[in-house]
Structures are given as structure tokens and as C-alpha cells.
1. Counting only residues that are modelled with pLDDT of 95 or more and of a type in the set (D, E, K, R), which one in the stretch 213-240 is surrounded by the fewest Cβ atoms within 10 Å (Cβ to Cβ)?
2. Mind checking whether some residue in the stretch 83-97 is among the β-branched types (Val, Ile, Thr), surrounded by 16 or more Cβ atoms within 10 Å (Cβ to Cβ), in contact (Cβ under 8 Å) with a residue 40 or more places away in the chain and assigned to a strand (DSSP E or B)?
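The values are calculated or read from the model by the stated rules, or taken from the named source; none is laboratory data. Please read all numbers here as calculations on a predicted model, not as lab measurements. As a convention, Cβ positions derive from the backbone with ideal geometry for all residues, glycine included, and neighbour counts pool all protein chains shown.
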Amino acid sequence: MSCLRFTFPLLAAAALLAAAGAAHGADYSPPPPPPVYAPPQPCCDNWYLRGFVGIGLNASYDLEYLPAPANVGNGFTIEHNDIADSPFFGIGIGYDWNNWLRFEATAEYRSKAEVTAFGSYTLPGGGVFGDSYHGYLKSWVFLANAFIDLGTWDCFTPFVGVGVGGAYNTMADLTDIGIGTSGRGIGRNSSDWNLAWALYAGMSYEVSKNFKIDLTYRYLNYGSVTDTIDCIGGCSADSYKFKDLYSNDIMLGLRWTCCDVAPSPPRYVYTPPPYVPPPPPLQSRG
């Protein structure tokens, strides 16, 4: 009888402890599933747009006299020639291949640069005569470029580059005025396509992740153009080739990246519910 009296309180205490444990276990709900992360849509952060303006310091060119068959051997010689500087502006689209290599395609318009020249000849009967030439050279230049960025220090990044493409050169409003004669003539506003190539060296400044300013020196070789002058009053039409055109360019560019780099996915951290202590165990009275 005494064993039975002691057993009942023990069974009751065990049942209460089991119930308390179950209740305490209910306080710890299973952790919620991690959120489903949707990757960002593809972004154009590797692409950029560039606008630029500059001044082309045109160097002396070669002017070749191409006489008409009737004028071969007339002794005409180009004494000197000159060309003025030409402002230019353009746009480009580029792609950052990685953090040191980028590619770019550009199109630019080089406005009219004044061209002058003077030549002389001697007539069979004696006497020295001359011709004075005046016109304007304008060009469209299209280049595919590759640049190497040489590292960044305090937002400044030096770079070098090369480019190759084509130039569409036009000789506009070319005139020929005879000196010592009444002869004169006008050109045909001829245009020619030529191979163009360039070398670059410059420095960029990172204003923000999306915006950079470029200051660039460029050597540009843009070919030649040939124009024919038709005489007023009747004579054989001679041609003139303005060749070995090249320029030392100073350029200021603004480079804009299309959008920011996509943010990294958020890190999910599980926070357990607050701890609830279990109730104290029941004391046996037996």
C-alpha cells in the first residue's frame, strides 16, 4: 500500500513535467524559410556614353600639283602652304571590358579650317607669274578605339589608347587667283574617303561612379583630299592633292555610365524567438 501511495505522486509529477516540456517546446516554432532572392535585371553598367569637344592644331600638309596633260612641264612649283586650326566635336559609345581595358566607337565633325597656298611658274616668253589659293578643309572622322587605364590614384586615372577608322574629307570653296595675270578658277568641292588612325594619352577624373571627365591629347592622321580647279575663261583644269593631313588635338570629354553596378544580394540572418523559461517543476507531497 505504501508503494502504491508513493507511485501515484511520481506519475503525476512526470505527467506535469511532460506537459510543461511540450508547452515550452511549442514556444520554439521552426524558423521561417529564407526569403527567395530575385536577381536584378541585367544592367548596362559596363556601357558608357561620351561627348567631347576639342581644338585640332593642324600641322603643315603636303600639297601636290597634278597638272592637266596640256600643262605638263610648265614648271609650276608650290612655294608654300598653310592650314589653320579646326575646332571639332563628337560623341562616342564605349564598353568597359574590365577595370583596365575598354573599347569605344566615336564619330566627330571637324569644322572648316582655312587652307592657303602659293605657287609660281615661268612662261616660255619670259616673266614669272604666280597663283594664290584659298579654301576650307572640313572632315567627318569615325574611329574604333581601345584604351588601357593605368590605375587610379585619388580619383585620377591616366590612360593610353589607339584608334583606327575612316575620314571623309571635303575641300570646300577652293579658289585660284592669278598673280600678274587675269587667270582665275574655282574648285569642285570634292570629297574623299581615307584611312584614319589615332594615338591617345590622357587623364580622367572620377566625379562619381556614373560620371567622369577626360582630358586627352590625340595624334590624328586623317589622310588626304584632291580637288580640281576649273578655270574661268577657259584653260586646262589642274588638280591639287592636299595629303598627309594630321593634327595634334586637345580634347575635353564627359563620360557617363548608363547605370550603377547592381547591388549584391541581401544576406539573410535568422533571429530566434525570445527565450521563455520553463515553469518550475512541481513538488511532491508524498
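1. Per the stated criteria, the residue is ASP214.
2. Yes, the stretch 83-97 has at least one match.
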